[in-house]
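Below: one structure, written as structure tokens.
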Amino acid sequence: MRPKTGIGAHVSTRGGFVQAAKRAYEMGATAFQYFPKNPRSLSLKRFDPKDAAQCRDWCEAHGLASIAHSPYPTNPALGMTRGEAGFHAVVDSIRNDLEISDACGSVGTVVHFGHLQARDPLEGYHNLIQCLDTVLEQWQGEAKILLENQAGDHGPMGTTMEEMIQIRKLSRYPEHIAFCFDTCHAFASGMWTAGDEAALLDKGRQLGYWDALAAVHFNDSKYASGLNKDRHARIGQGEIGYSSMQSLLQSPEIHQSVVVLETEAGEDGTHREDIKIMRSWL
């Protein structure tokens, strides 16, 4: 049974997926995130199933949880606006990510909500649902799509809990969709401000958002709340600060998921120092 919780960071897959797991373990992590393929391309990857199986088995033996992250060009809200070929390129890429993450024993693959500039604001939401449903049609794996909230730097789409919940609710396959909560994105979009964690957590409880939470990107923010600036900072070194980050991590809603850093490494080139701080909070 694959672990569902842990603390760690994004790591390189240089040398293979099992090497990524070992890299995370060596810096004291109990979880990690990785790119299943080239992060700057939607090109599909023919992965080595033996390497993926070794990663899965090694993680189970050492108590590591993992999540994958889809490539940067993944924008499911575009729909057919880039033509049928463009739509299927996104669909096939996400499906490829799911297949890899499932083979590696990961909880799922993170997919950004996406954005679309259109006259009809509902068009982007329709496109997103159509894309996710097409990806998940006949999907039988354990790995889930982990829908991530956005900072608002490309527009207001995907910046609220209500949107996440509604998209999942309207999908034909909600059982294959969970959430990835990015603390920096939530802060940047104005979803919450430092010191107001109780209100954020309470709102999530009332909406049922945390019930479907599977992963957390635990990032501080280089910019103040509400500026829509997606710039990550190491924990305690940004505008969110130690106190608020600690308060969030200590809440059962947050730490009972896969929590990973997407920030700069420490002086030793790893996230060992920040992971140690996070574990001390628990």
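The values are calculated or read from the model by the stated rules, or taken from the named source; none is laboratory data. Only a predicted model underlies this, so the values are computations on that prediction, with no experimental measurement involved. Quick reminder, even Gly has a Cβ in these numbers, built from the backbone with ideal geometry, and neighbours come from all protein chains shown. Only protein heavy atoms, including side chains, enter the accessible area calculation; ligands, DNA and RNA are left aside. Shrake-Rupley method; radii C 1.70, N 1.55, O 1.52, S 1.80 Å.
So, Glu123, is that one within 19 Å of Cys180 (Cα to Cα) and either assigned to a helix (DSSP H, G or I) or of a type in the set (Phe, Trp, Tyr) (or both) or not?
no
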* Under 6 Å between Cβ atoms, at least 6 apart or on separate chains: pull out the pairs that start in the stretch 259-282 with a residue that is under 19 Å from Ala20 (Cβ atoms) and end on any residue that is in a helix (DSSP H, G or I) and open to solvent by 40 Å² or more (accessible area, probe 1.4 Å). => Gly266/Glu273
* **Odd one out for Ser93 among (1) under 20 Å from the mean Cα position of the chain (by Cα); (2) loosely packed, with under 15 Cβ neighbours inside 10 Å** => (2)
* To do: Scan the stretch 212-248 for residues that are under 22 Å from Ser66 (Cβ atoms) and free of Cβ contacts under 8 Å to residues at least 60 places away in the same chain and jot them down.
  => Ala212, Leu213, Val216, Asn219, His232, Arg234, Ile235
* **the stretch 144-165 residues that are β-branched (Val, Ile, Thr), paired with ones that are in a strand (DSSP E or B) (beta carbon under 7 Å, 6 or more apart)** => Ile145/Gly108; Ile145/Thr109; Ile145/Val111; Ile145/Ile177
* Asked: If we scan the stretch 74-83, do we find a residue that is open to solvent by less than 50 Å² (accessible area, probe 1.4 Å) and over 25 Å from Glu163 (Cα atoms)?
  -> yes
* For Glu239, indicate whether it is of a type in the set (Asp, Glu) and within 24 Å of Lys4 (Cα to Cα). => no
* **Residues satisfying the stated conditions in the stretch 101-111, i.e. surrounded by fewer than 24 Cβ atoms within 10 Å (Cβ to Cβ) and touching a strand residue (DSSP E or B) at 6+ places or on another chain (Cβ under 9 Å)** => Asp102
* Pull up the stretch 39-61, narrow it to residues that are open to solvent by 90 Å² or more (accessible area, probe 1.4 Å) and assigned to a loop (DSSP other than H, G, I, E, B), then point me to the one that is nearest to Val18 (Cα to Cα). => Arg46
* For Met161, state whether it is open to solvent by less than 10 Å² (accessible area, probe 1.4 Å) and in contact with a helix residue (DSSP H, G or I) (Cβ under 6 Å, 6 or more places away or on another chain). => yes
* **Per-region count, the stretch 1-23, residues touching a residue at least 12 places away in the same chain (Cβ under 8 Å) and either touching an Asp or Glu at 6+ places or on another chain (Cβ under 8 Å) or within 28 Å of Asp92 (Cβ to Cβ) (or both)** => 14
* Asked: Has the stretch 8-28 got at least one residue that is among the β-branched types (Val, Ile, Thr), closer than 30 Å to Ile254 by Cα, buried (at least 18 other Cβ atoms within 10 Å of the Cβ) and in contact with a Leu (Cβ under 8 Å, 6 or more places away or on another chain)?
  -> no
* Asked: Listed residues Glu137, Glu84; which is more than 16 Å from the chain's Cα centre (by Cα), over 25 Å from Ser12 (Cβ atoms) and at pLDDT below 95?
  -> Glu84
* For Leu98, are the conditions met, namely being touching a strand residue (DSSP E or B) at 6+ places or on another chain (Cβ under 6 Å), open to solvent by less than 30 Å² (accessible area, probe 1.4 Å), in a helix (DSSP H, G or I) and in contact (Cβ under 8 Å) with a residue 40 or more places away in the chain? -> yes
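Could we say that Ala24 is modelled with pLDDT of 95 or more, within 25 Å of Asp274 (Cβ to Cβ), among the small types (Gly, Ala, Ser) and outside any loop (DSSP other than H, G, I, E, B) here? Spell out the reasoning first.
On the way: modelled with pLDDT of 95 or more: yes; within 25 Å of Asp274 (Cβ to Cβ): yes; among the small types (Gly, Ala, Ser): yes; outside any loop (DSSP other than H, G, I, E, B): yes.
Yes.
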